[in-house]
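The values are calculated or read from the model by the stated rules, or taken from the named source; none is laboratory data. Fair warning: this is a prediction, and the values are worked out from it, not measured in the lab. When we count neighbours, we look across all protein chains shown, and the Cβ atoms used for this are built from the backbone with ideal geometry, even at glycine.
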Amino acid sequence: MSDLELRAGASPADAPRPPGRGRGRHRMPRPSALFAALFVGFLLVAVVWPGLLETAPPDAIAPAEAFQPPSAGHWFGTDESGRDVYSRVIAGTAPSLLIGVLATAIGLALGLLLGGVAALGGRVLDFLIGRVNEVLFAFPGILLALLVIVLWGPGPVTATIAVGLSTAPGYARIIRGQLLAIRGSGYVEAARVLGHGRARILGAHILPNALVPIAALATLGVGQAVVWASSLSFLGLGAQPPAAEWGAMLSAGRTYLGTAWWLTVFPGLMIVATTLATTVLGRTLTARDGARR
């Protein structure tokens, strides 16, 4: 199973039930979920209004202030050109999250197409798509992304597409399992007995009950996509220094790791914190959806 499937805890055998009054409907959110929501809110502010959080222009060069450690004047220190690392981390939130969200959207769209056709298109298509998925699963996700970049060339756009393609097989398997379980559920059978047509059953019962858990899985996928995209930038295959993108900042700072640790530690912490926050939110949404069913 892929990393996404392992973290989501999804299984094709998990048969969903029609929405009802879940026992956990009125439970208070856990502190971890609250902290995750607050951090995601912080990231959204950094994306929409970075000037509100920045303490200095992110690209302002001051050679006399190069390699200053974290202080009251520069919270995350300065880099080799005297630029404020904290402001650059804030400025890098938008491109880093944009790559993660777009890559997740690409993977989810392809997974929805492949998984939907496999689950609802008949045995022949299910068999063929299943074999294609098995071939794709034979490659680790990051290796598949590297293969795409070798064919199309490096760059942030290529990295986004590569990460999206590498996550699509995991989404396809999960979506296929969800759709098969819902198609065989009791309330869909009841709708057939009542004489509802295929289009009505698909639109009123199958898709609504499949899209809610898929949305929760997409939240999990954003964190994974951010990590993979940052890894490609770190290797010089995505965004390139001096771009204010977390992976590119890691790549630029590794040269000075022994003398200026803050150049890599703080962008790395942002990647880790973003992954943890989206994972916690995704798990919370998945748990709430399970309690609601």
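Some points to look at:
- Test set (1) closer than 23 Å to residue 241 by Cβ; (2) surrounded by fewer than 16 Cβ atoms within 10 Å (Cβ to Cβ); (3) not aliphatic (A, V, I, L, M) - residue 139 fails condition number: (1)
- Test: residue in the stretch 82-99 that is at pLDDT 90 or above and touching a Gly at 6+ places or on another chain (Cβ under 6 Å): yes
- Qualifying positions in the stretch 122-181 - on the phi < 0 side of the Ramachandran plot and outside any helix (DSSP H, G or I): 138, 139, 140, 154
- Subset of the stretch 206-241 (residues that are in a helix (DSSP H, G or I) and either touching a strand residue (DSSP E or B) at 6+ places or on another chain (Cβ under 8 Å) or of a type outside the set (A, V, I, L, M, F, W, C) (or both)): 208, 209, 213, 219, 221, 223, 224, 230, 231, 233
- The C-beta contact set for the stretch 61-77 (first residue on the phi > 0 side of the Ramachandran plot, second residue part of a loop (DSSP other than H, G, I, E, B) and surrounded by fewer than 13 Cβ atoms within 10 Å (Cβ to Cβ), distance under 6 angstrom, 6+ apart or interchain) comprises 77/69.
- Flag if residue 100 is touching a Pro at 6+ places or on another chain (Cβ under 9 Å) and either free of Cβ contacts under 8 Å to residues at least 24 places away in the same chain or more than 16 Å from residue 242 (Cβ to Cβ) (or both): no
- Checked against the criterion of being under 29 Å from residue 58 (Cβ atoms), surrounded by 17 or more Cβ atoms within 10 Å (Cβ to Cβ), under 16 Å from the mean Cα position of the chain (by Cα) and small (Gly, Ala, Ser), the candidates 162, 105 yield just one match: 162.
- Out of 285, 276, 269, sole residue that is without any contact (Cβ under 8 Å) to a residue 60 or more places away in the chain and out of contact with any Asp or Glu (no Cβ under 6 Å at 6 or more places or on another chain): 269
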